[in-house]
Amino acid sequence: MSIFTDESAAKLKKLQIFAKSIVEGFLVGLHRSPYHGFSVEFSDHREYNEGEPLKDIDWKIVARTDRYYVKRYEEETNLRCMILLDHSRSMFYDSGSGSKMDYATRLAAALSWLMISQKDAVGLVTFNDEVSLRMAPKAYKAYLPQIFAALVHLEPAGGTDISAALHSIAASLNKRSLVILISDLLDEPREIIKALKHFRIQKHEVLIFHIVDRDEAEFKFKRETQFVDSETGEKIIVTPWQIRKQYLQNYDAHLAELKAGFQQYQIEYNPVHTEVPLNDLLLKYLLKRRKG
């Protein structure tokens with residue numbers, strides 16, 4: 001029996017179409033990968049995976065061994081990417097332009113399509129206060145529907161204990177990788193930085209997309225408002241204009257501490273507001289990586 005409802009199947013199709021269109025549009029005319037120069041130097045063979053193009057099969061190996069292998073080139077071995085996606089309850093906040101989770105899901109889908117289009121391996125780990133899913137990095141397009149299906153089925157769950165989840169993930173990564181964290185970073189900055197340092201000690205490259213809703217950054221509520229902690233259920237009624245100054249001071253201090261830690265450990269930081277069109281974000285990101 002299929003696990004897909006009509007609604008989730010429609011979401012999956014929409015996500016696939018979005019990721020394909022946005023990424024392939026950017027890749028047209030790009031003659032170099034943002035991560036490494038394209039190389040056609042032969043490296044070795046690997047087993048053929050169902051769904052890969054038949055043109056990549058080494059038929060001489062098939063004739064000798066009756067087993068299917070494809071030639072692997074240097075460009076296929078240069079990058080392994082792990083996308084770490086936060087789906088704690090706070091990520092599902094929506095001020096009207098779409099939730100942080102909607103934005104993060106589409107970003108993860110587009111990045112996955114980008115990596116595999118470049119013949120790079122991509123994996124997915126989802127987490128809240130613990131790791132909820134691990135998908136090992138693979139580099140063939142037939143893997144994308146599995147990643148997208150996992151993204152479509154994510155539900156709000158748990159609080160945010162970023163540090164515990166990240167330490168667990170870091171301990172499981174055996175090969176050097178590009179680690180992309182997509183989160184609203186609503187946890188203690190010191191603990192987040194300590195966990196990300198774990199990756200850097202292991203020589204992984206770390207890149208962060210910090211997903212922010214306009215309400216969080218500006219706190220421009222006009223009326224007396226009841227705020228509900230999405231992760232604990234705690235409720236409080238406040239007069240926003242009376243606490244806005246203190247809130248913004250605390251918010252800025254939170255960001256400053258994060259940024260200082262990221263700079264110290266050479267972690268690439270990308271703040272992302274949900275109102276920014278995703279194609280604009282990806283274009284900026286691709287050009288930045290290409291220059292790097």
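All but one of (1) under 20 Å from LEU278 (Cα atoms); (2) of a type in the set (A, V, I, L, M); (3) touching a Pro at 6+ places or on another chain (Cβ under 6 Å) hold for ALA121, so report the exception by its number.
ALA121 satisfies every listed condition except (1).
Going by what's in this entry, would GLU191 be described as in the same structural domain as ILE17 (by TED's automatic domain parsing) and either touching a Pro at 6+ places or on another chain (Cβ under 8 Å) or over 23 Å from GLN266 (Cβ atoms) (or both)?
no
Condition test on LEU281, is it closer than 30 Å to ALA139 by Cα, under 19 Å from the mean Cα position of the chain (by Cα) and modelled with pLDDT of 85 or more?
No: the conditions fail for LEU281.
Taking GLN263 and the conditions (1) modelled with pLDDT of 95 or more; (2) within 17 Å of GLU216 (Cα to Cα); (3) exposed (fewer than 15 other Cβ atoms within 10 Å of the Cβ), which numbered condition does it fall short on, given that it satisfies the others?
Unmet for GLN263, out of (1) modelled with pLDDT of 95 or more; (2) within 17 Å of GLU216 (Cα to Cα); (3) exposed (fewer than 15 other Cβ atoms within 10 Å of the Cβ): (2).
Taking region 197-214, which residues are in a helix (DSSP H, G or I) and under 20 Å from ALA164 (Cβ atoms)?
Answer for region 197-214, where residues must be in a helix (DSSP H, G or I) and under 20 Å from ALA164 (Cβ atoms): LYS197, HIS198, PHE199, ARG200, ILE201.
Restricting to region 78-96, and then to whatever is in a loop (DSSP other than H, G, I, E, B) and surrounded by fewer than 24 Cβ atoms within 10 Å (Cβ to Cβ), can you tell me which residue is nearest to the chain's Cα centre (by Cα)?
LEU79
Please name all residue pairs, on different chains or six or more residues apart, with Cβ atoms under 7 Å, provided the first residue is in region 253-281 and is not assigned by TED's automatic domain parsing to the domain that holds SER90 and the second residue is part of a helix (DSSP H, G or I) and surrounded by fewer than 15 Cβ atoms within 10 Å (Cβ to Cβ).
none
Restricting to region 194-206, name every residue that is among the aliphatic types (A, V, I, L, M) and surrounded by fewer than 19 Cβ atoms within 10 Å (Cβ to Cβ).
Listed by number, the list holds a single entry, ILE201.
What helices (runs of 4 or more DSSP H), lying completely within region 98-179, carry at least 3 residues that are within 22 Å of LEU282 (Cα to Cα)?
Where helices (runs of 4 or more DSSP H) fall fully within region 98-179 and carry at least 3 residues being within 22 Å of LEU282 (Cα to Cα), they are 100-117, 144-152.
Going residue by residue through region 122-143, is there one that turns out to be small (Gly, Ala, Ser) and free of Cβ contacts under 8 Å to residues at least 12 places away in the same chain?
no
The values are calculated or read from the model by the stated rules, or taken from the named source; none is laboratory data. It should be emphasised that the depicted structure is a prediction, and the values quoted were computed from it without experimental measurement. Here Cβ is always computed from backbone atoms with ideal geometry, including for glycine, and neighbour counts include all displayed protein chains.
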